[in-house]
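Written out below as structure tokens is the structure these notes cover.
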Amino acid sequence: MHELVVENARVPFGEDIVTCSIGIDEGRIARIAKILKGEQAYDARNMLVLPGVIDSHVHFRDMGQEEKEDWLSGSRAAIYGGVTAVVDMPNTDPPTFDEESFKIKLTVAQNRSMIDFAINGGVSGNLKALPVLWRRGALAFGEIFMAKSTGGFSVDEQALKAALLEIKRLGATASIHAEDEALNAEKARELARDDSPDVYSQMRPPGSELNAVKAAVRLEHETGAAMHITHISTAKAVEALRGEPITCDVTPHHLLLNMRHWEKLKSYGKMNPPLRPLRDVEALWKAARDGSIDVLASDHAPHTREEKAADIRSAPSGVPGVETMAPLILKEVADGRLPLQRFIDMTTANPARIFGINNKGRIEEGYDADLIFVDMGARRVIRPYELHSKAGWTPYEGMEAIFPHAVMQRGTLLLDGKEFLGRRGRGKFIRGRGYERKLPGRTS
């Protein structure tokens, strides 16, 4: 007799979808069988049941940027999008560059997050702090900016190599934001008087990403550090990674938006790397299908409407996406653009494997009962007033998506139809591999 049994669940196993029951005890999957008995039951009503999504790249702001987002609003938006675990990036206020800033962010997240979370350590002139961040429980290091972006933090190649050598020594993973600062600066000067709608894409051209990816590959060869390229956006950068021991992720905005959207979105479409030509978008889809791209991540980077309404050069970079990521790509799965198993791999098993997140990302015995329940026929048009990020806007307005009907974390429902059941502070801290309990002064 299990504490909870999910009945009539349609679960993908390889190429097959099997109707079964899922027995859950103490928040973990205890057994999967045709029929199981439980003290309580939840009827999946023959919906597709998938592992809860792991979003490995979010910026939940907070701590001085609460007007954009905080851990409460960000995790609420995540739940509505089927995300049950997130990895927060370090370019916050204060940036997560040392022990004290890590402790501050951890305390805030523990008090506010409704879902499980990990925290990355930052890299920017803080080489001696990396071991402490690792022992504090940082999941990985990065995103490490090879060019200036939100927050203004970037490292040159010499500093990056030193950091990678230390990251290798620690046994950690480096997540790299690959753009060429020198080329970006050159293009910005050349285009200073250009007011065309797509000028921002020209200011950070495809060659910028390619140069930086090639440099990252060379540094991986020299240091042997585990490396992940985040938000890859061009065909040539994908090709440069083929055969290399380097993983990468792609965002929904680089899969679903392109340079033709500048006219409509204006500064609301500004992000780093920027919107690309349609030929790059199609190449990214091909790479997602064939496994060349490992992970789907939102790069949820909310800013207020007022901030984004500025001109293209002064508006901040970034778009919200944690709530819409999985629903938008599930719609593409339903349309046959991406196989269901690739979606599952990219949003659950692969990020868990790459970043060392234990007991998540699979519907298997012993894993956390993080589940989303999806009616693949239930499409909905995205409207900004129906979303839950503080940003209050979305670049995907008017697009169709398939949102989850229900969301469960560790056997507890967080969303069931229109009933929201998430609770502040329920999220657990996902500790990185270097966590040391004995470190004095640790927040548990």
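Each value in this text was obtained by applying a stated rule to the coordinates, not by laboratory testing. A quick note: this is a predicted structure, and the numbers were derived from the prediction, not measured. Note that each Cβ is placed from the backbone with ideal geometry, even for glycine, and that neighbours are counted across all protein chains shown.
Residues with amide H under 5 Å of N272's amide H, sequence separation 5 or more or different chain, H placed in the peptide plane at 1.01 Å from N; which?
For N272, the qualifying residues are G318.
Could you work out how much longer the chain between R193 and K286 gets when fully extended? Use 0.36 nm per residue separation minus the Cα distance between them, nm to one decimal.
Here the answer is 29.9 nm.
Taking the Cα centre of the stretch 52-355 as origin, work out the dipole magnitude from +1 charges on Lys and Arg Cβ and -1 charges on Asp and Glu Cβ, in debye rounded to 20.
Working: 36 positive and 43 negative charges, 65 e Å.
So the magnitude is around 320 debye.
Can you give me the distance in nm between label points at Q341 and E26, each placed 7 Å from the Cα along the Cα-to-Cβ direction?
Label at Q341, label at E26, 3.3 nm between them.
Could you tell me which of V6, P327, M259 has its Cα farthest along the dipole of the chain towards the positive end, charges placed at Cβ (Lys, Arg +1; Asp, Glu -1), taken about the Cα centre?
With unit charges placed on the Cβ atoms, the residue in question is V6.
To the nearest 0.05, what FRET efficiency results for N358 and R424 with a Förster distance of 22 Å applied to their C-beta separation?
Working: r = 25 Å, r/R0 = 1.13.
The calculated FRET efficiency here is 0.30.
Counting other beta carbons within 10 Å of each Cβ, put E100, E209 in order, fewest first.
So the ranking, lowest neighbour count to highest, is E100, E209.
Take the residue pairs K161/K236; K161/K331; K308/K360; K103/K187; K214/K331; K168/K428 and return only those whose Cα atoms are more than 32 Å apart.
Beyond 32 Å: K161/K331; K308/K360; K103/K187; K214/K331.
Measure nothing but the geometry: give the 0 to 90° angle between the long axis through the Cα atoms of 181-190 and the longest principal axis through the Cα atoms of the chain, rounded to 10°.
In the chain, helix 181-190 runs at an angle near 60 degrees to the longest axis.
Once you keep just the Cα pairs under 8 angstrom separated by 6 or more residues, what percentage relative contact order results for the chain?
Relative contact order of the chain: 22 percent.
For the stretch 52-355, take the convex hull of the Cα atoms, compute a quarter of its surface area, and give me that in nm², please.
14.0
So, in nm, how far is label E67 from label L278 when the simple model puts each one 7 Å beyond its Cα toward the Cβ?
Taking the two extended label points, one gets 3.9 nm.
Note the angle between two axes, namely the Cα long axis of helix 278-290 and the longest principal axis of the Cα atoms of the chain, as a number of degrees from 0 to 90, rounded to the nearest 10.
40
How large is the direction-averaged shadow of the alpha-carbon convex hull of the stretch 72-168, in nm²? Spell out each step's value before the answer.
Numbers: hull surface 25.3 nm².
Value for the stretch 72-168: 6.3 nm².
Residues with amide H under 5 Å of R45's amide H, sequence separation 5 or more or different chain, H placed in the peptide plane at 1.01 Å from N; which?
none
Determine the percent antiparallel among the DSSP beta bridges restricted to the chain, to the nearest 5. Kindly include the intermediate steps, with their values, before the conclusion.
On the way: 30 of 60 bridges.
Taking every DSSP beta bridge with both residues in the chain, the antiparallel ones total about 50 percent.
Could you state the angle between the C-alpha long axis of helix 99-112 and the longest principal axis of the C-alpha atoms of the chain, as a value from 0 to 90 degrees rounded to the nearest 10?
Between the helix axis and the principal axis of the chain, the angle is about 40 degrees.
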